[in-house]
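The values are calculated or read from the model by the stated rules, or taken from the named source; none is laboratory data. Note that the coordinates shown come from a computational prediction; the quantities given were computed from them, not determined experimentally. Using ideal geometry, Cβ is built from the backbone for each residue, glycine included, and neighbour counts are taken over all protein chains shown. Quick note on the areas: whole protein, heavy atoms, side chains included, nothing else; ligands and nucleic acids left out. Shrake-Rupley method; radii C 1.70, N 1.55, O 1.52, S 1.80 Å.
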Amino acid sequence: MNALLSMYAWLETGLVALTGFCIQAPLVVTWPFDRRKVVTGRAFRLIGVTAARLNPFWKFAVHGKPVRPAGRTVVVSNHESNADPFLISFLPWEMKWLGKASLFKIPVVGWSMWLAGDIPVRRGEKDSAQEAMAICARWLDKGMPVMIFPEGTRSKTEDLLPFKDGAFRLAIETGADVLPMAVSGTRRALPKHSWRFATSRALVTVGTPISTKGMTLADLERLKAMAREQILALRASLMPLTGVEGKAPGEE
């Protein structure tokens with residue numbers, strides 16, 4: 001039964017993605033008047049929200065009443081699953097996402113990511129990372145927040161992986177705030193290396209912006225630690241609500 005429902009869920013997701021792309025693509029006519037690509041970006045996020053709502057396994061929602069971040073903000077979150085983007089898309093504002101370059105090669109989905117203005121990066125390639133950070137900086141200059149998973153990949157356990165420097169270096173060098181957020185419950189929604197979905201109640205919640213005013217690259221490790229502490233605390237607050245048993249903040 002799980003296999004059959006999972007096949008249905010993938011079919012539903014594919015059909016929603018295709019239909020959404022057909023709606024999103026003509027919206028490029030707004031680009032001359034919408035230099036931040038808010039319209040095509042929000043269209044793509046709503047495609048994700050629609051697919052999640054129609055998935056028979058998932059019950060996704062935003063916890064609390066998050067405040068829209070300032071335009072010059074680097075948003076960072078823990079990364080549990082490929083279902084995370086579906087969940088985070090429930091937040092009621094547009095952000096440009098840093099994602100693996102391989103995702104942009106996926107038919108329909110990758111095209112929609114490009115139309116949304118998301119930023120590709122090739123893992124392990126310094127030149128690609130530098131180019132991606134430069135694009136992120138340009139989005140910040142336009143007053144558009146950027147979304148980065150500082151772990152770089154999905155964690156296989158409840159423990160957070162070490163944070164990479166990129167998001168925090170970007171924030172310090174551009175004078176942007178860092179906004180921590182946390183997800184919980186998505187690891188079960190779509191387990192890593194599995195094509196089968198699972199019943200999941202998943203939530204995303206947003207923390208308090210961290211100002212980088214006055215910081216230099218000498219403060220990078222401190223900034224990473226401050227963001228990590230918030231994410232751990234936020235995630236711990238969600239775990240009882242999503243039925244996830246985990247460790248208390250700071251226990252890794």
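Values as computed for the structure displayed
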read-out	value
Packing rank of 189-202, 70-83, 122-135, where each peptide gets the mean count of other beta carbons within 10 Å, highest leading	70-83, 189-202, 122-135
Chain lengthening between residue 105 and residue 122 when straightened (0.36 nm per residue, less Cα-Cα)	4.9 nm
FRET efficiency, residue 165 to residue 229 (Cβ-Cβ, R0 25 Å, nearest 0.05)	0.90
Surface accessible to a 1.4 Å probe, per residue, for the residues of the chain, Å²	48
Protein accessible area in region 20-131, 1.4 Å probe - carbon and sulfur %	63
Volume of the Cα convex hull of region 89-191, divided per residue and given in Å³	126
Nearest-20 debye value, the chain charge dipole, Cβ charges on Lys, Arg, Asp, Glu	440
Amide N of region 116-134 lying under 19 Å from the label point, which is placed 7 angstrom from the Cα of residue 49 along Cα→Cβ	116-118
Net charge dipole size for region 1-109 [Lys, Arg +1 and Asp, Glu -1 on Cβ; Debye, nearest 20]	420
Phi-based couplings in Hz for region 142-158 (Karplus 6.51, -1.76, 1.60; Gly and Pro marked x)	8, x, 10, x, 10, 10, 9, 8, x, 6, x, 7, 6, 7, 7, 10, 6
Cross-link table 37/164; 96/164; 100/164; 142/224; 65/142; 96/142, entries beyond 21 Å C-alpha to C-alpha	37/164; 142/224; 65/142
CD proxy at 222 nm, helix term only [per DSSP H run n ≥ 4: -39500 (n - 2.57); per residue of the chain; nearest 500]	-13000 deg cm²/dmol
Identified option (computed Rg and Dmax of the Cα atoms in Å; candidates [x] 17.5, 57; [y] 20.8, 73; [z] 16.9, 51)	[x]
Percent RCO, i.e. relative contact order, over the chain, from Cα pairs under 8 Å lying at least 6 residues apart	23
Among 214, 147, 108 - extreme Cα towards positive end, dipole of the chain, charges at beta-carbon	108
Share, in percent, of DSSP beta bridges within the chain that are antiparallel, nearest 5	20
Three-way shape label, region 13-73, alpha-carbon gyration tensor, a/c 1.5	oblate
Amide hydrogen neighbours beyond the local backbone of residue 119, cut-off 5 Å, H modeled	97, 98, 99
Carbon/sulfur fraction of accessible area - region 204-248, other protein chains in place, 1.4 Å, %	57
Unit charges on C-beta of K, R, D, E only; dipole of region 104-252, Debye	520
Two-site FRET efficiency, residue 61 against residue 82, from Cβ-Cβ distance with R₀ of 30 Å, rounded to 0.05	0.95
Nearest-10 value in Å² for the accessible area of residue 188, using the 1.4 Å probe	90
Spacing of the two label points (7 Å from each Cα toward its C-beta) at residue 213 and residue 131, in nm	3.6
